[in-house]
């Protein structure tokens with residue numbers, strides 16, 4: 001029977017995918033603890049401590065079959081999660097019980113696991129981000145030459161193309177990918193530093209042999225798939241690391257929010273529309289509505305992630321000396337939830353971009369309603385070539401533009417600027433001649449070329465680099 005009498009996070013029920021949920025699951029966390037204890041024991045054995053192969057093999061046999069009932073019962077008694085799991089692991093591995101966690105402090109498993117989990121989560125984020133880039137690249141390429149009205153201040157401005165506008169979104173996601181690569185590439189393990197980061201317990205274990213202590217961290221790091229450990233620390237790795245990671249997620253959220261806002265505005269204009277299911281209901285009251293609910297959800301989750309970033313930076317700033325524990329409860333919330341939210345955001349990004357509908361006739365109608373105003377300089381130059389006076393033509397066009405604008409705004413008429421110009425003898429031009437010069441493609445400048453150049457020079461190398469990550473499909477929950 002479903003338990004409906006307690007709070008369940010919408011991040012797991014509605015937004016994040018199963019793969020990201022597993023990364024932050026108890027199974028992943030505590031099996032990683034056990035792998036770290038095995039890596040420590042193996043390294044200590046290789047450095048000369050009295051640990052047997054039999055003990056290590058016993059530990060390896062119980063990496064995944066975690067006896068949660070024993071650990072939970074023990075934690076109620078001792079109020080310490082790490083020691084409860086040391087005890088539970090020891091119950092399954094009686095021969096190894098005496099050497100599990102030898103010389104280590106709680107942060108050996110806690111902090112190293114946090115780094116491993118964030119690294120795995122960043123890899124999943126990278127996979128989804130690359131697929132967003134790929135889908136957006138296809139969209140930009142498809143519509144690279146389709147003229148559309150540009151906007152500055154959300155006021156009609158010089159034309160661009162639908163594909164060029166999409167490259168503005170795409171470039172921000174590319175910047176996010178570069179940031180992710182840098183931060184993930186700089187992650188290191190904490191290693192085994194002891195209670196205040198001095199490794200005093202290990203110096204004691206190895207009977208003052210500093211050379212063996214120096215070898216400890218690099219050997220553990222290699223066993224856990226990392227190049228190295230942070231060279232110095234207190235009991236914990238610097239919480240600045242968490243801030244850097246969450247900054248990457250906040251950047252992705254900001255890029256997604258920007259794109260989703262633009263799509264919402266375009267949907268209002270009926271120019272571009274996010275996917276809408278056949279049986280989807282847009283409003284409980286207004287049956288005709290097609291609300292941009294996916295883009296709205298992107299914006300909503302993105303705001304959460306951007307604000308969540310402050311948790312990491314405040315936590316980093318108030319860590320006292322070598323260790324304090326006011327980071328723990330905050331980290332348990334802020335880091336998983338940021339990743340779960342970004343996972344949902346990127347899934348929505350993929351879904352929206354993959355199903356964007358472009359209404360070319362509406363785009364053309366809106367563009368042609370404004371293009372006569374933007375064509376006035378070209379019209380004026382053509383009339384000068386026919387012998388007109390530039391200053392007189394400029395003044396006439398200014399007055400006629402004001403009149404046409406008044407017709408549109410005050411009387412609700414169509415833009416009749418071309419008709420007004422053709423009727424003015426100052427210009428010596430026919431309406432047909434004016435309309436013939438009103439090809440939207442003449443006013444988009446280098447937009448299509450810029451799209452091609454950007455995709456060829458910047459996007460294609462990235463997609464080639466990560467080609468094994470491509471092919472991700474987005475499944476959006478309710």
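The values are calculated or read from the model by the stated rules, or taken from the named source; none is laboratory data. Just so you know, these numbers come straight off a predicted model, no measurement behind them. Backbone-built Cβ (ideal geometry, glycine too); neighbour counts: all protein chains shown.
Some notes on this structure:
Results for (1) in contact (Cβ under 8 Å) with a residue 24 or more places away in the chain; (2) surrounded by 12 or more Cβ atoms within 10 Å (Cβ to Cβ); (3) assigned to a loop (DSSP other than H, G, I, E, B), shown as yes or no for each residue.
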residue: 441; (1), (2), (3): yes, yes, no
residue: 450; (1), (2), (3): yes, yes, no
residue: 471; (1), (2), (3): yes, no, yes
residue: 474; (1), (2), (3): yes, yes, yes
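Residue-wise test of (1) in contact with a strand residue (DSSP E or B) (Cβ under 9 Å, 6 or more places away or on another chain); (2) touching a residue at least 12 places away in the same chain (Cβ under 8 Å); (3) under 24 Å from residue 473 (Cα atoms).
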site: 153; (1), (2), (3): no, no, no
site: 156; (1), (2), (3): yes, yes, no
site: 178; (1), (2), (3): no, no, yes
site: 195; (1), (2), (3): no, yes, no
site: 198; (1), (2), (3): no, no, no
site: 215; (1), (2), (3): no, yes, no
site: 228; (1), (2), (3): yes, yes, no
site: 231; (1), (2), (3): no, no, no
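Rundown of residues vs (1) touching a helix residue (DSSP H, G or I) at 6+ places or on another chain (Cβ under 7 Å); (2) assigned by TED's automatic domain parsing to the domain that holds residue 23; (3) more than 24 Å from residue 54 (Cβ to Cβ), yes/no style:
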{"residue": "82", "(1), (2), (3)": "yes, yes, yes"}
{"residue": "85", "(1), (2), (3)": "yes, yes, no"}
{"residue": "98", "(1), (2), (3)": "no, no, no"}
{"residue": "121", "(1), (2), (3)": "yes, no, yes"}
{"residue": "124", "(1), (2), (3)": "yes, no, yes"}
{"residue": "132", "(1), (2), (3)": "yes, no, yes"}
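- Residue within segment 66-76 that is modelled with pLDDT under 95, over 30 Å from residue 210 (Cα atoms) and not in a helix (DSSP H, G or I) present: no
- Which listed residue is at pLDDT 95 or above and within 23 Å of the chain's Cα centre (by Cα), from 263, 220: 263
- Every residue from segment 416-439 that is touching a residue at least 12 places away in the same chain (Cβ under 8 Å) and assigned to a helix (DSSP H, G or I): 417, 418, 419, 420, 421, 422, 431, 434, 435
- Of the listed requirements (1) crowded, with 16+ Cβ neighbours inside 10 Å; (2) closer than 30 Å to residue 342 by Cα, residue 123 misses just one: (1).
Table: residues versus (1) touching a residue at least 40 places away in the same chain (Cβ under 8 Å); (2) surrounded by fewer than 23 Cβ atoms within 10 Å (Cβ to Cβ); (3) over 27 Å from residue 188 (Cβ atoms).
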site: 77; (1), (2), (3): no, yes, yes
site: 85; (1), (2), (3): yes, no, no
site: 90; (1), (2), (3): no, yes, yes
site: 96; (1), (2), (3): yes, no, yes
site: 104; (1), (2), (3): yes, yes, no
site: 108; (1), (2), (3): yes, no, no
site: 119; (1), (2), (3): yes, yes, no
site: 131; (1), (2), (3): yes, no, yes
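- For segment 14-25, the set of residues classified as exposed (fewer than 15 other Cβ atoms within 10 Å of the Cβ) and either under 24 Å from residue 114 (Cβ atoms) or in contact with a strand residue (DSSP E or B) (Cβ under 6 Å, 6 or more places away or on another chain) (or both) consists of 18, 19, 22, listed by residue number.
- Single residue of segment 171-187 satisfying the filter (under 25 Å from residue 32 (Cα atoms) and crowded, with 17+ Cβ neighbours inside 10 Å) that is farthest from the chain's Cα centre (by Cα): 187
- Residue in segment 304-316 that is crowded, with 22+ Cβ neighbours inside 10 Å and closer than 30 Å to residue 422 by Cα present: no
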